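The values are calculated or read from the model by the stated rules, or taken from the named source; none is laboratory data. If you're wondering where the values come from, they're calculated on a predicted model, not measured in any experiment. Cβ: placed from backbone, ideal geometry, glycine included. Neighbour counts: every protein chain shown.
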Amino acid sequence: METGKVYPPRYSGFIVIRIAQEAAPASESIKSLRSFAAECKLHGIEKLLDLYEIKETRPVIRALPPKKIFELEKQAAQTELPPLHSLTSYWKLDVRHSPEKSEEIIKRFSALNEVDVAYRELEATDPAVNPADDPYNANQNYQDAAPVGIDARWAWTQPNGEGNGVGFVDLEQGWFLNHEDFSSKSPTLLYGDNHDGVDGYVGNHGTAVLGEVIADDNTVGVVGIAPSVLSVNVTSHWDTASSSSGHVADAIAGALPTLQIGDVLLLEIQKGLLPTETDDADFDAIRLAVALGIVVVEAGGNGSFDLDSYTDGGGNFVLNRGSADFRESGAIVVGAALSPLPHNRANFSNFGSRVDCYAWGENVVTAGYGDLDNGGGDNDKTYTAGFNGTSSASPIISGAALIVQGMNKANNGYSLSPLEMRALLSDPATGTAQGGGVPGNIGVMPDLRSIIETILPRLVTVIADSGDFGEVCIGAFQDMVLSLSNSGGNMLAVTNITSSSAEFLVPSVLSYPITIEAGNAIEVPIRLQPNSPGPKAETITVFSNDPNSPKSVEISGAVGAPRLVAIIANAGNFGNACIGSFVDEMVTLSNSGHCTLTITSITSSSAEFLAPNVLAYPIAIAAGGSLQVPIRFEPNSFGPRAAMITIKSDNPAGAKTVAVSGNAPSGKLVVTGSTCIGGVKACCLGERTISICNVGDCKLYVTSVAFKRKSKHWKLINNPFPATLVPGSCLSVLIRYKATEKCPRCCELVIMSDDPEIPVKTLDVMAYTIWSDCECSDCRKGCCEKHHDGSCIAQGIDACCDDESHGHEDDDDDES
């Protein structure tokens, strides 16, 4: 196992001491250690300050007054990371005028009872590797899916997956704060000074860091991992007045009033190529920030050191998690790996049990430097493809923390604690393991998709048969079970379940939300209760705290329908029916559908075709069943008759009509026998008998048989009419002529009946008187007692009796 390289330490020229706890803290008005020592009677410190001519001293924390620091430390004391030392007890001494005496001064201060600890401050540098040593390549896939990157691109597709609602602060020493890719963020310097442009320093490093984390999603440059963060600020460990860097604890304190619980603070600094928490004051400041709920991401440093073997000035293995000396700051320490798979540890990266996770330490495309795009000489438009070191790795982890925090906060309603965040980002179960080609632990690279699906509830819906309810009849229902399961890592709260149709019923819930523990499921009944026929396709929508809520479940069903088939014999022709009688025919109503048929009415368009009298509708016919319904033809007028029988039901095709027809025949009048009596001797009687017959299919009602005009010469004997003649029957009428006329006259017999073709039939009846020895000079006077004249007799015979033997049934001329 490689133990790490050893580099000679480089120091800042400052000594840090921590006053023993018995000493009272400095008041706000005291700005120098000499004044504080005099006030607190710390005579040993006074003597050493004089002895070594140390004139420039300052509290390590100047960003906050002691009272505010105490308030924060009191608040942190109630957490799982209570302060080990008060930040008010740290002082910084400038011994740059006597660097050769630094070790001696440390020993003298450490020997004082008034001093708890004294140490030389390591030189503060940006944790980047010289780009000239590592040529960049065109791959810029650290945002891609695991195992290549952290899968930020997937997170962007999720609600609140861009760092929404979380603040970010970058701690280092210089930036191009007006870079074109930060224009919507307007980063603010919270504390310290911007080193850019001072003493030849150029703010590329801080610009590259911000580009990785928060660069705008716009039309230029790059896109940060968390482009939708709530706020972006910076805090600097550079102090222009003293021309010194490394004031990390002070810069942390300066950011605390702005940072909210759950926000992310990135420490882009290494001291002596080591994590900055190796400095006691920095450690206590980091621990305080973590205790206050701030997620602190710390660059692991580029010294290729085995941090497990590192010891502090007291010989303690403070970075070795397996040692009793281990000190827990609560920060997430980040190592660096090579960009190609399998992501071997970069040789420069520190390693050991204290390193929690890693990310790309080379070939990172971001803002600044200008090797990819020099911006035409404008630093605010520059881009690089070669940012590297734990400097490039730590912003990737910071971006991951911002995304996880934002999604957790939005969906679960609370912020993850710093230690919870560290556990998630360093969990081997949800991260990409480092390659095995270079020894030395740097943890895992977080896989955002795996992490998010672990911490957030995840609704999974399952319904049998792809949500197809099959066929259901109107008036019936079909239930199916919708399974709602939580495949995520947190409580799922179902806040509502809705249906796009009233025909698909969701359960009535007394109160929402319905909670489902991680890994559990509930079953929800969904009912199809149709009220209209036809295919159904609707959506059940489940609302929850799943980040992808709402969840839609497509459901369908076929609403079965009855089908009315109506059958009647002879195509609905009832044949003949006489008035006063009727004919019945059966209409068979069949249900060839899959659901019960409901008949709501049966009506006829004609009063001569009678639908059945039903006591109460509806009439139900089961699927596959049938019913016979009598229809009666009872005519009240002669001739062909037609009507429409209408059956109304819940047949989807609508009302069914059946055409019916029939004929109402009449009686048919026929008269047989002769109506020509011929010559009758004067004063005698002549008679003829005729038969009035019905040759039709129905009864014939003869209402009258009578002479058109009265005459003493003509009479009907035994007239049976009015009378009804059944089909095929006849009634006889005797016509009598009394021969008393001197000149013959025609007489008309009128027969009236209900024969629609000949309602009135007129027959001419003919007779004449035969006179003997009559002169015929006065036709108005009878002469029965005289002899007849033979010539008159002959004339009468010739005029009247030519057709004496003919009947009258077909005598159309007499029927007018």
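Screening PRO446 on (1) modelled with pLDDT of 95 or more; (2) touching a Lys or Arg at 6+ places or on another chain (Cβ under 6 Å) shows it passes everything except condition (2).
Applying the criterion of being β-branched (Val, Ile, Thr) and in a loop (DSSP other than H, G, I, E, B) to the residues of region 311-358, the residue that is surrounded by the fewest Cβ atoms within 10 Å (Cβ to Cβ) is THR311. Contact annotation: residue pairs with Cβ atoms under 9 Å, 6 or more positions apart or on different chains, pairing a residue in region 209-227 that is at positive phi with a partner that is surrounded by 24 or more Cβ atoms within 10 Å (Cβ to Cβ) and assigned to a helix (DSSP H, G or I), are GLY221/ASP181; GLY221/GLY211.
Report whether or not GLY203 is closer than 30 Å to TRP154 by Cα, in contact with a helix residue (DSSP H, G or I) (Cβ under 9 Å, 6 or more places away or on another chain) and not hydroxyl-bearing (Ser, Thr, Tyr). Criteria not met by GLY203. Counted as qualifying within region 639-716 are the strands (runs of 3 or more DSSP E) with 3 or more residues that are assigned by TED's automatic domain parsing to the domain that holds SER753 and in contact with a Cys (Cβ under 7 Å, 6 or more places away or on another chain), namely 676-681, 685-694.
Summed over region 258-294, the residues that are in contact with a Lys or Arg (Cβ under 8 Å, 6 or more places away or on another chain) and either over 15 Å from VAL16 (Cβ atoms) or in a loop (DSSP other than H, G, I, E, B) (or both) give a count of 4. Sub-8 Å Cβ pairs linking a first residue in region 583-612 that is surrounded by 15 or more Cβ atoms within 10 Å (Cβ to Cβ) to a second residue that is hydroxyl-bearing (Ser, Thr, Tyr) and not in a strand (DSSP E or B), at least 6 apart or interchain, are ILE599/TYR617; GLU608/SER637, ordered by first then second residue. Looking only at residues in region 636-689 that are touching a residue at least 60 places away in the same chain (Cβ under 8 Å) and of a type in the set (D, E, K, R), the one that is farthest from ALA566 (Cα to Cα) is LYS681. Scanning region 182-208 for residues that are closer than 19 Å to HIS247 by Cα and surrounded by 19 or more Cβ atoms within 10 Å (Cβ to Cβ) gives LEU190, TYR191, GLY192, ASN194, HIS195, ASP196, GLY203, HIS205, GLY206.
Table: residues versus (1) in contact with an Asp or Glu (Cβ under 9 Å, 6 or more places away or on another chain); (2) of a type in the set (Gly, Ala, Ser); (3) more than 30 Å from LYS738 (Cβ to Cβ).
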site	(1), (2), (3)
ALA623	no, yes, yes
GLN628	no, no, yes
PRO635	yes, no, yes
SER674	yes, yes, no
GLY678	yes, yes, no
GLU687	no, no, no
ILE690	no, no, no
LYS715	no, no, no
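Just one residue in the set GLY211, GLY224, GLY206, GLY246 is in a loop (DSSP other than H, G, I, E, B), closer than 16 Å to GLY174 by Cβ and not β-branched (Val, Ile, Thr); that residue is GLY246.
Each residue in region 364-398 was checked for being in a helix (DSSP H, G or I) and either small (Gly, Ala, Ser) or not assigned by TED's automatic domain parsing to the domain that holds VAL222 (or both), and 9 of them qualify. Determine whether region 388-399 contains at least one residue that is farther than 16 Å from GLY300 by Cα and of a type in the set (A, V, I, L, M, F, W, C). Within region 388-399, not a single residue is farther than 16 Å from GLY300 by Cα and of a type in the set (A, V, I, L, M, F, W, C).
Residues that are of a type outside the set (Val, Ile, Thr) and crowded, with 18+ Cβ neighbours inside 10 Å within region 740-753 comprise GLU741, LYS742, PRO744, CYS747, LEU749, MET752, SER753, listed in sequence order. Of all residues in region 717-730, exactly one satisfies the criterion of being in a strand (DSSP E or B) and closer than 19 Å to LEU685 by Cα, namely ILE717. Residues that are in a loop (DSSP other than H, G, I, E, B) and either among the aromatic types (Phe, Trp, Tyr) or crowded, with 24+ Cβ neighbours inside 10 Å (or both) are absent from region 229-236 altogether. Can you find a residue in region 531-539 that is closer than 30 Å to GLN158 by Cα and touching a Gly at 6+ places or on another chain (Cβ under 9 Å)? For region 531-539, residues closer than 30 Å to GLN158 by Cα and touching a Gly at 6+ places or on another chain (Cβ under 9 Å): present.
Looking at GLY406, GLY470, GLY436, GLY475, can you tell me which residue is assigned by TED's automatic domain parsing to the domain that holds VAL333, of a type outside the set (D, E, K, R), out of contact with any Lys or Arg (no Cβ under 9 Å at 6 or more places or on another chain) and surrounded by fewer than 20 Cβ atoms within 10 Å (Cβ to Cβ)? Exactly one of GLY406, GLY470, GLY436, GLY475 is assigned by TED's automatic domain parsing to the domain that holds VAL333, of a type outside the set (D, E, K, R), out of contact with any Lys or Arg (no Cβ under 9 Å at 6 or more places or on another chain) and surrounded by fewer than 20 Cβ atoms within 10 Å (Cβ to Cβ), namely GLY436.
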